[in-house]
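Comments concern the structure below.
Nothing in this text is a laboratory measurement; each read-out follows from the coordinates by a stated rule. Since the structure is predicted, the reported quantities are computational estimates derived from the model, not experimental observations.
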Amino acid sequence: MNTPLPLSQRAVRAVQVPPGTAIHATLPGAHFFDAYEVADHHPARSALQAWLDVADRTPAWTRALMFVRNKAVRLVGLKDLGQLSDGHLPASRRALRDARSYQVGDRVGIFRIRHLSDSEVVMGQDDKHLDVQVSICKQPSPAAGAAPTVVLSTVVHIHNTLGHAYMAVITPIHRVIARGTAQRLAEHGQG
């Protein structure tokens, strides 16, 4: 049995979208962006594999919120996105779960892969109201003796009034879900 990580190694920190990354290049003109960093206790795992592992462990409350969101937004013309992961489906209907089998353009849960390298995956979902991009970016150790980090970033470009209204409602919920996802990135495989 693994020992739980000390709180200092699980702490989620709000940071800037990492400069020099593919997601950072999408910042010009963005209406919303945020980024959360945690210690990376699995530095050999690719960015996409980190996302697949964490998305498969999406909590029931997040899946329930996505279900309610999908039902509500269809009434105002936004897309029903489904779930963050296909993990809730029977095994016969799940997408591939090995990161090495994915390429740019493939779907991963609700997103389509836009950029893919071992150190960063950028996934997105666009519609006529807004474009959303999410990145998992693995960063080397910031200082000698420090653990490498992984950063979860989100960048949103809004196209119209409905997109602005949607983001006004969803932003507080997004922040809770993003922080929780970053926390699961730090804890995955630790307990």
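Quick one: what are the phi-derived ³J(HN,Hα) couplings along the stretch 26-43, Karplus 6.51/-1.76/1.60 with θ = phi - 60°, whole Hz, x for glycine and proline?
Values, residue by residue: 8, 5, x, x, 5, 8, 8, 7, 7, 8, 10, 10, 9, 5, 9, 8, 9, x Hz.
List the residues whose amide H sits under 5 Å from the amide H of Gln139, counting only those 5 or more places along or on another chain, with H placed 1.01 Å from N in the peptide plane.
Distant-sequence amide H within range of Gln139: Thr149, Val150, Val151.
Relative contact order of the stretch 123-167, please, whole-number percent, based on alpha carbon pairs below 8 angstrom and at least 6 residues apart.
39 percent
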